[in-house]
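As structure tokens, the structure follows; a few thoughts come after it.
Each value in this text was obtained by applying a stated rule to the coordinates, not by laboratory testing. Given the structure is predicted, the values throughout are model-derived calculations rather than measurements. Every residue, glycine as well, gets a Cβ built from its backbone with ideal geometry; the counts of neighbours run over all protein chains shown.
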Amino acid sequence: MIPVRSLVGCIVVVVALPAHAVDYTLIAPDKPIQDWSIGNDQLGFHDGPPFKVSLRGLNGGRQEGSALIEIDTGAMQLTVVPTRGMNVLRAQAGALRLGWDSPVSEVVNPAFVNLESRGGLGWLEGFNELVARCGFEWVGHPGEDRGELLTLHGRASYLPARTVVLSIDDQPPHRISLKGVLSEQAFKKVDFQIDAELITEPGTTAFTLHDRLTNRSDQPAEYQVLYHSNFGAPLLGEGARFAMPAREVSPFNARAQQELANWQTFRGPTAGYGETVYNIYPLGDDSGQSLAVLHDKSAQRGVALAFNVKQLPVFSLWKNTDSQTTGYVAGLEPGTSFSYNRSLQRDLGLVPTIEARGTRDFVLHYRLLPSAAAVRTALQDITTLQNGHPAKVRQTPLAQER
Amino acid sequence: MIPVRSLVGCIVVVVALPAHAVDYTLIAPDKPIQDWSIGNDQLGFHDGPPFKVSLRGLNGGRQEGSALIEIDTGAMQLTVVPTRGMNVLRAQAGALRLGWDSPVSEVVNPAFVNLESRGGLGWLEGFNELVARCGFEWVGHPGEDRGELLTLHGRASYLPARTVVLSIDDQPPHRISLKGVLSEQAFKKVDFQIDAELITEPGTTAFTLHDRLTNRSDQPAEYQVLYHSNFGAPLLGEGARFAMPAREVSPFNARAQQELANWQTFRGPTAGYGETVYNIYPLGDDSGQSLAVLHDKSAQRGVALAFNVKQLPVFSLWKNTDSQTTGYVAGLEPGTSFSYNRSLQRDLGLVPTIEARGTRDFVLHYRLLPSAAAVRTALQDITTLQNGHPAKVRQTPLAQER
Amino acid sequence: MIPVRSLVGCIVVVVALPAHAVDYTLIAPDKPIQDWSIGNDQLGFHDGPPFKVSLRGLNGGRQEGSALIEIDTGAMQLTVVPTRGMNVLRAQAGALRLGWDSPVSEVVNPAFVNLESRGGLGWLEGFNELVARCGFEWVGHPGEDRGELLTLHGRASYLPARTVVLSIDDQPPHRISLKGVLSEQAFKKVDFQIDAELITEPGTTAFTLHDRLTNRSDQPAEYQVLYHSNFGAPLLGEGARFAMPAREVSPFNARAQQELANWQTFRGPTAGYGETVYNIYPLGDDSGQSLAVLHDKSAQRGVALAFNVKQLPVFSLWKNTDSQTTGYVAGLEPGTSFSYNRSLQRDLGLVPTIEARGTRDFVLHYRLLPSAAAVRTALQDITTLQNGHPAKVRQTPLAQER
């Protein structure tokens, strides 16, 4: 159980707050977005790896008004989009990239997108991130529910952060935290605040997302969340594999059912493939910690995504192994819910409620697996969690889309 | 009749134009929004109460691109939102606040809202003002009319002002006027211009709105307008009361019908209450001047809203005495129309037409009632206008929503 | 055949690229829109007519965030809107204006318009240009097609240019080229790039549009395009005439059918007229070059629009001779398609497909006809192309709108 305990330890470190940190307000009501940067040199930190954080605005096209925050840990360059739900656009570690090549080549300002367009698929006009937050009122495919058109995957990725604060711990290892505040508010309808934090450290090729959802209302509310975490080449390729400890796996729909036997392996880019999706009930350790791994065919490198099933009880594996140009990408998607329309998920018990003034925390840890040894260790952790009882493979979808 | 005549006099003063005024263009095609202010000191005015007017931009979240204009009369701080239909966000006079606490905590830039979302209730994503203009193509609940989805309360609150000009009279009492121009235009559909003016004076705790709607088209057009004037604590509270001279009162729907007996009194914050609405045909004096008053339980303080029934023949009383967090607020809403969908108001004769190149003026006077004496005087004015003939109480709603 | 050959020659000149040009990036991801200008003096060009190009941002109302690029050839002032699909707002040559007076008086930033509003007619809230690009996913009237609401005339006019580059040839005649890049992208749906170029020369009263559509996807895709070219007074007036070489003409609908006999002549401003539209299959010369002419009653002045039927096989004549205030305007609209909803145009063979990674070029040449002689020559060109075989006049519409 040691490997699993080490995962838990990792999360504990994340939640602990640094004693002394320098704060920089990057975005605020009285602070227009303008180019800015800070690094270890300016801070006088010479006791560890060099690092740098910078903010810049984007102009032209649907990028007008967008902003990017780049965190260079020295070992990995992380790009965050404060104007799109604090999404992580990409992470680059030398030649190894976490992220994918979407046909959407702009960092789209939400002001230019009508989420209701394209029959509720307007969300696709800006989708190109490594991590795209889905939620928090709902997730899933577009469709009517309780008299409203729910658009694809909710609004979180189309909420610009109201305030963004960067905190750098003044003690080694100079933990870096970037906190953005999202508001999902409508009179009589919803009053959610999401404190969206990204945490990393100089010298590392890993980062943690720690979101806190607060229902500011004095009425309970339904919510859903899904972390659409997307990987293309070089990790994804013909023969790449996915692994996670699972209680049950089932095909999302009839299309996925046809390829159920190979649900853990990926095709190379396949023009006209479209997508297959598998619904997974993951297993965690005693504290709920679970782990998903995507690695290349030779198991030389991969990525690990750790999360907690008490926070995010289900997981969608999105195999969009279409052509490179259309989008060759795998989605690792821990969530409260699958990707069916909300109207189909109540019967599955996957439309949770948050109580009046309640909070919910969601912690996800993304870690590069840079070597065969790192991949092997992660897969062993999964085997340990699976604990000798193979996942039940359910042949038919849990729900039927109209 | 003296009190009523004094009301009329007040309006007359407002309409009179100052002989000499200094003009400042705050927003214009060639003038980006930037922080700016002016006060009596800079103007060299030392013959009256101090005052100040300032403009500032807002950044971050859905506030990005919004602007606020603050007019401090010395006795009251008025905040106007030029980027949201020249709405009045709030008015603060010492500890006394006109306005309310909406769960919507941002001053939302219209660019970020799809009014058609939430089944036509997108308007609610930005609703937090003391005075929110509704209209001018239509007002009322969302629904189809003549092949279009009419969204809640029209677009006026989501029209940014094209130009904003501040005028300060160089003679005492140094009348302050803020004029914004709104355009509601679509080829073949509508060509409305709204000159939206706010007028106040140094030292006062009152302000006047004077809107002029112009139909620039050479075709007549339907129009509707409603001034959604919203008050929470401290004026609103358990036992607060509403009064106005009325010809007829009726419940908006079956829900309101249940509480018809108590239509003039307010509950304290009541979780799950939702709202009740009463439809009122107000009475005016010979020139049409009418008056609505909201005052606290002890009748120690209140607010008076004067308007003219020849301009705004009907009145909605919106009792949204839900919890503080959900929104504890009363709406005093003079209008051409009630809050039914436009399709239901034609039969009520409440969808007026404005002739080709015609204009319509709407003048509303908001005045703090800071003492028991002031409240008493205003209530006496109402009694005078009621003139001994009690309002007819109609038991059933005027229209049935689907 | 000389006149026709001269037209062809004109296009050839346009396509030829200058050997040496100075480039100026006006809009780019790292370049906020700001006031800028350049002219022949600054460039040290004294060997030809003076010229000037300038960029400026617009503020206030729905113009906030819009930009204008003005190209003054010395003989004509062209205004391009980079934030609205590189549309041409107007062209002014002394007292002669190409363009029209729309009730829409703002240069509307696409961020403020919901194209799905007004039953899919949201496009009309910003329509006021001389040339409005329609396409490139679809054109035509709003309506459902394959499960999506297609909004009026597609999105091209609501796509802000991502980058804009001005090139001025350093050799006489100092050809001026303005190239903007539009992206029409949605994951799994569309991946179009449009390189939209406007070309002119100092001293001329003509300009060329050369658009290149690229399907960046590895899947073929349907596309449609229509160049909505709009002319009001002084060219349009009572008795103004339209001419073009045509194989067939038919009324768009029953309304147009009533006035089929007079399809080539225009009424004066007629309140309540609305519009009539005629569908034309134009004739071209051996290389496909065709020509449309609009001229005033006395044939003293006009405008010629040259295009190629191999690129743009059909033509809509839009006779919107309503009142001056509502919009007195004629549209000359070469396109791949008519203005029916896309669902009606497949059967007409007017929904072409662009192959994976394919490109399509569209070249249009707009030329002022400043004299009776110029009008006469252009009409002779048309007669030559018609070649003695009169156009077939089809009495009934090609399609029936629901």
Can you work out ³J(HN,Hα) from phi for every residue in segment C:132-149, in order, using Karplus 6.51 cos²θ - 1.76 cosθ + 1.60 and θ = phi - 60°, giving whole Hz and x for Gly and Pro? 10, 5, 10, x, 9, 6, 7, 10, x, 5, x, x, 6, 8, 6, x, 10, 7
Leading residue at positive end of dipole, chain A (Cβ point charges), from A:152, A:330, A:366: A:330
By counting other Cβ atoms within 10 Å of each Cβ, how are C:105, C:37, B:157 ranked from fewest to most? C:37, C:105, B:157
Largest fluctuation, A:196, A:356, A:233 only, Gaussian network model of chain A with Cα springs under 10 angstrom, belongs to A:356
Residue C:376 versus residue B:356, label points 7 Å from Cα toward the beta carbon: distance in nm? 4.0 nm
Distance in whole Å from the C-onto-A rotation axis to the closest C-beta of chain C, together with the residue it belongs to, please. C:111, 2
Calculate the mean, over all residues of peptide A:26-35, of how many other protein chain Cβ atoms lie within 10 angstrom of the residue's Cβ. 4
Among A:44, A:180, A:327: highest mean-square fluctuation, GNM of chain A, C-alpha pairs under 10 Å: A:44
Please list, in chain and number order, the residues 5+ apart from residue C:321 or on another chain whose amide H is under 5 Å from its amide H, with Hs placed from the backbone. C:276, C:329
Just want the answer: with Cβ charges of +1 for Lys and Arg and -1 for Asp and Glu, which residue in A:29, A:178, A:143 is farthest toward the dipole's positive end in chain A? A:143
Return the sequence-ordered ³J(HN,Hα) values of segment C:232-237 in whole Hz as given by the Karplus equation 6.51 cos²θ - 1.76 cosθ + 1.60 applied to θ = phi - 60°, using x for Gly and Pro. x, 5, x, 5, 7, x
Send over the per residue convex hull volume for chain B, Cα only, as a whole number of Å³. 144 Å³
Mark the label point 7 Å from the Cα of residue B:31 along Cα→Cβ and return the residues of segment B:140-181 whose backbone N is within less than 19 Å of it. B:160-170, B:175-181
Measuring from centroid to centroid over Cα atoms, what is the spacing of segment C:305-319 and segment A:277-330 in Å? 52 Å
Work out the length of the dipole vector of segment C:21-393 about its Cα centre, built from +1 on the beta-carbon of each Lys and Arg and -1 on the beta-carbon of each Asp and Glu, and round it to the nearest 20 debye. 580 debye
Can you list residues from other chains, or at least 5 along the same chain, whose modelled amide H is less than 5 Å from the amide H of residue C:204? C:75
Picking from A:283, A:368, A:149, which is most flexible by a Gaussian network model of chain A using Cα springs under 10 Å? A:149
Roughly how big is segment C:110-158's charge dipole about its Cα centre, with Cβ charges of +1 (Lys, Arg) and -1 (Asp, Glu), in debye to the nearest 20? 100 debye
Mean separation of Cα pairs under 8 Å and 6+ residues apart, divided by the residue count of segment C:21-393: what relative contact order is that in percent? 16 percent
Excluding residue C:20 itself, what net charge comes from residues whose Cβ is under 10 Å from its Cβ, given Lys and Arg +1 and Asp and Glu -1? -2
Between the label point of residue B:241 and that of the same position in each other copy, find the distances and list them shortest first in nm, with every label point placed 7 Å from Cα along the Cα-to-C-beta direction. 8.1, 8.1
Where Lys and Arg each count +1 and Asp and Glu each count -1, what net charge lies around residue B:69 among other residues with Cβ under 14 Å from its Cβ? +1
Provide an ascending nm list, one decimal, of label-point separations from residue C:274 to the equivalent residue in each further copy; define each label point as 7 Å from Cα along Cα→Cβ. 4.2, 4.2
Kindly work out what percent of the DSSP beta bridges joining two residues of segment C:21-393 are antiparallel, to the nearest 5. 95 percent
Within chain B, longest stretch free of exposed GluC sites (Glu not before Pro) [DSSP loop, at most 15 other beta carbons within 10 Å]: B:1-237
For peptide C:123-130, what's the mean number of Cβ atoms from other chains within 10 Å of each residue's Cβ? 3
Quick one: putting +1 on the C-beta of Lys and Arg, -1 on the C-beta of Asp and Glu, what dipole do you get for the protein assembly as shown around its Cα centre, in Debye to the nearest 20? 1760 debye
Taking H placed 1.01 Å from N in the peptide plane, check which residues at least 5 places from residue A:225 or on another chain put their amide H under 5 Å from its amide H. A:336, A:337
Just want the answer: with Cβ charges of +1 for Lys and Arg and -1 for Asp and Glu, which residue in A:81, A:71, A:111 is farthest toward the dipole's positive end in segment A:38-119? A:111
Shielding of B:156-168 by partners, i.e. mean partner chain Cβ atoms within 10 Å per residue? 2
Residue B:159: net charge of surrounding residues, Cβ under 10 Å, Lys/Arg +1, Asp/Glu -1, itself excluded? +4
For label points placed 7 Å from Cα toward Cβ, what is the shortest-first list of nm distances from residue A:355 to its copies? 6.5, 6.5
